[in-house]
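In what follows, a structure is listed as structure tokens, so that the remarks can point back to it.
The values are calculated or read from the model by the stated rules, or taken from the named source; none is laboratory data. Since the structure is predicted, the reported quantities are computational estimates derived from the model, not experimental observations. Every residue, glycine as well, gets a Cβ built from its backbone with ideal geometry; the counts of neighbours run over all protein chains shown.
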Amino acid sequence: MYGTVREALARERWRAVPMTLGAVCLTTVFQIVQNTSWGFQPVQDLGSVKAADPFWLALLRTPLSLFVPALDLPVWGALAQMLLVFGLAEICVGWWRTLLVGYVATLAGTTYARIGLALGPEHPFGLPLSDRIVNDTGPSAAVVGLAVYVCWRYRAYLTGGLVILVMIGEVLVKNNLAGKEHLAAIAAVMVMCVVRAWWGPVRRGPVRRGPVRPRTPGG
């Protein structure tokens, strides 16, 4: 993984991660706009997801909710997560897989919130009724899911296992919606990994084809 990232950055520098830079810029714009008197409600209408919302509306808002920073967390943390993990994933597995895995992980968290509320606070995987109005935005679920996926693709099983253990520890220390959504994101991505492994052999790293040179006799 280190060799792949180092080679790409040495050859292309910031041109190696155009999608990541776009995601960081979009998140920054949303942060600036939602902290203005006129922009808060439009941003909420576009990308704010709550378990109390109708599911069809949550599905429409989920793609953009990934880029809307959580109101109760410092935005620099979200930007740093995206720049590091999205950048690594874009170089290692390509931009469209990065977006796909990130969306699946975020959607898993959004879906779990409704399941957790249905289970109730008495269930180990349940949620209290108060979580139905929690503003559920930000890239954290996507970041966790991408970290696990890239570690699996590059057989960095120790690092991937540490990510999972840290997320489990988060839930044990602070049993809240965000922590349990991270576990739901990990579960969804692990299912993707199993399906991908069953579907066919995994090739590590993006394809980079150069011009085909004709062979000459004796050469």
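Kindly provide the set of residues from the stretch 52-102 that are crowded, with 24+ Cβ neighbours inside 10 Å and over 26 Å from G116 (Cβ atoms), ordered by number. Listed by number, the residues that qualify are F86, A89, E90, I91, T98.
For the stretch 86-136, name all the residues that are in contact (Cβ under 8 Å) with a residue 12 or more places away in the chain and outside any helix (DSSP H, G or I). Matches in the stretch 86-136: G94, F125, L127, V134, N135, D136. For the stretch 1-42, the candidate set comprises residues that are small (G, A, S), touching a helix residue (DSSP H, G or I) at 6+ places or on another chain (Cβ under 8 Å) and assigned to a helix (DSSP H, G or I); within that set, the residue that is surrounded by the fewest Cβ atoms within 10 Å (Cβ to Cβ) is A16. Across the stretch 152-163, the qualifying residues are those that are part of a helix (DSSP H, G or I) and in contact (Cβ under 8 Å) with a residue 24 or more places away in the chain, and the one among them that is farthest from G94 (Cα to Cα) is W152. Exactly one residue out of D45, D53 is in a helix (DSSP H, G or I), free of Cβ contacts under 8 Å to residues at least 40 places away in the same chain, of a type in the set (D, E, K, R) and out of contact with any strand residue (DSSP E or B) (no Cβ under 9 Å at 6 or more places or on another chain), and it is D45.
Is it true that L165 is at pLDDT 95 or above, of a type outside the set (S, T, Y) and either more than 30 Å from F30 (Cβ to Cβ) or out of contact with any strand residue (DSSP E or B) (no Cβ under 7 Å at 6 or more places or on another chain) (or both)?
Here the answer is yes, as L165 does meet what is asked.
Selection of the stretch 113-151 for residues being of a type in the set (F, W, Y) and at pLDDT below 95 yields only F125.
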